[in-house]
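This report concerns only the one structure given below.
The values are calculated or read from the model by the stated rules, or taken from the named source; none is laboratory data. For clarity, every value in this text was computed on a predicted model and none was experimentally measured. Don't worry about glycine lacking a Cβ; one is built from the backbone with ideal geometry, like all the others, and counts go over all protein chains shown.
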Amino acid sequence: MQFKDIFGQKALKERLIQTVKDNRVSHAQLFLGPTGSGSLALAVAYAQYLNCENKQAEDSCGVCSSCRKYNKLIHPDLHFSYPFFAKKKDETAMDYMEQWRSIFLKNPYLSMDNWRYHLGEETKQANINIAECHQIIKKLSLKSFEANYKVLVMWLPEYLDRQGNALLKLIEEPPANTLFLLVAESQDQILTTILSRTQLVKVNRLKEQEVKDFLINTGLDEGRAKQIAYISDGNIQKAQSLIGEEVNTHLDLLKTWMNACVTDKGLNIIDFIETRIAKLGRESQKSFLLYAINMMREALLLKENLTQLVFLPEVEKDFAQKFSSRYEYAQMEAVVAEFEKASYHIERNANPKILFLDVSLQIVLYLRYQTLPKGTQYI
């Protein structure tokens with residue numbers, strides 16, 4: 001993985017390269033960024049650059065012996081740790097290494113949901129167990145085989161339980177030329193004892209234009225790329241999942257749903273949920289809710305006459321304008337809050353039929369009967 005293979009993050013790439021040139025490489029670094037920002041790919045590209053035998057001014061060479069092995073994730077001094085679904089208490093990440101190589105090389109922007117689906121685990125809880133911690137200690141206590149740096153890339157240290165404290169001494173006082181690169185999405189869920197021993201590398205959410213450029217590079221036309229980039233909210237993984245979907249179907253779904261709610265036709269609501277929403281996969285349900293949230297936010301901007309901030313295709317803009325002209329700001333704000341709660345719960349495997357029915361009933365109250373949440377000021 002080279003820096004040139006990662007879209008966006010130009011300033012961060014330059015800063016990482018400069019730390020190597022200045023010989024200011026911290027032995028424990030935390031790459032913290034949202035899903036789909038490229039934080040995992042950046043960590044691997046950084047490790048490859050460190051061990052490249054013929055470093056270039058802006059990237060690793062990509063052709064030396066070290067780079068060739070890094071490109072296939074088979075370098076003997078490159079180690080990975082990640083959450084997995086242990087079937088036995090003594091299993092470690094090495095037991096899933098082939099699957100890990102396969103999914104990362106196919107999609108370096110992967111999410112936990114991708115990894116779960118790849119392993120075929122729908123209900124088990126993932127973690128980085130004590131057996132894996134002991135394996136890390138054992139691997140990193142050995143001498144380097146051939147590289148300048150021995151590197152451990154730990155993806156999602158949030159899944160370390162308290163037994164992860166077994167790594168503290170190793171992280172604080174590692175063997176010479178040993179590098180820990182932790183890649184996380186939620187700083188609050190990391191053990192504070194580990195967090196305090198790492199140097200933060202902030203990975204920002206990608207800009208909409210960067211995601212658009214990525215999509216165009218995959219072969220999408222500019223119009224569709226712009227739509228998907230807008231919905232994905234800086235998340236390349238989300239954008240990739242949307243490539244195979246017709247984004248315009250989201251608008252049709254939203255129109256049908258809102259129409260059923262504002263007319264308060266219970267049978268139509270139930271039919272919509274059972275025949276259309278429930279048949280979507282969980283990833284599609286999540287992307288639809290994200291789309292609905294963004295559309296309502298655009299309608300709120302139009303309600304405030306901030307048309308210069310709205311960049312929607314005509315058909316979507318027409319829907320947002322009609323919606324904003326019919327309902328008050330507080331009503332739309334309440335609907336957005338319901339969509340956000342639904343998105344939160346669908347991420348946590350809520351039953352979609354029950355969840356969408358409950359949200360629908362709340363929307364009926366807000367839009368048809370103007371019964372807003374307690375404490376909301378009706379404008």
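Let's see how each residue does on (1) over 18 Å from the mean Cα position of the chain (by Cα); (2) surrounded by fewer than 21 Cβ atoms within 10 Å (Cβ to Cβ); (3) assigned by TED's automatic domain parsing to the domain that holds LEU42; (4) part of a strand (DSSP E or B):
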| site | (1), (2), (3), (4) |
| --- | --- |
| ASN165 | yes, yes, yes, no |
| LYS169 | yes, yes, yes, no |
| PRO175 | yes, yes, yes, no |
| PHE180 | yes, no, yes, yes |
| ASP188 | no, yes, yes, no |
| ARG197 | yes, yes, yes, no |
What single numbered condition from (1) at pLDDT 90 or above; (2) of a type outside the set (Phe, Trp, Tyr); (3) under 21 Å from the mean Cα position of the chain (by Cα); (4) not in a loop (DSSP other than H, G, I, E, B) fails to hold for ARG276?
(3)
Sole exception among (1) within 29 Å of ILE228 (Cβ to Cβ); (2) in a helix (DSSP H, G or I) for ILE270, by number:
(1)
How many residues are outside any helix (DSSP H, G or I), in contact with a strand residue (DSSP E or B) (Cβ under 7 Å, 6 or more places away or on another chain) and not aromatic (Phe, Trp, Tyr) if we restrict to the range 113-150?
4
Could you tell me how many of the residues in the range 321-354 are in a loop (DSSP other than H, G, I, E, B) and within 23 Å of GLN285 (Cα to Cα)?
4
Those residues that are over 18 Å from LYS10 (Cβ atoms) and either touching a residue at least 40 places away in the same chain (Cβ under 8 Å) or among the aliphatic types (A, V, I, L, M) (or both), I need them from the range 49-58; list them, please.
LEU50, ASN51
Enumerate the pairs (first residue in the range 317-334 and under 15 Å from ILE293 (Cα atoms) and in contact (Cβ under 8 Å) with a residue 40 or more places away in the chain; second residue anywhere and of a type in the set (Asp, Glu) and not in a helix (DSSP H, G or I)) with beta-carbon separation below 9 Å, excluding pairs fewer than 6 apart on the same chain, so at least 6 apart or on different chains.
TYR329/GLU304
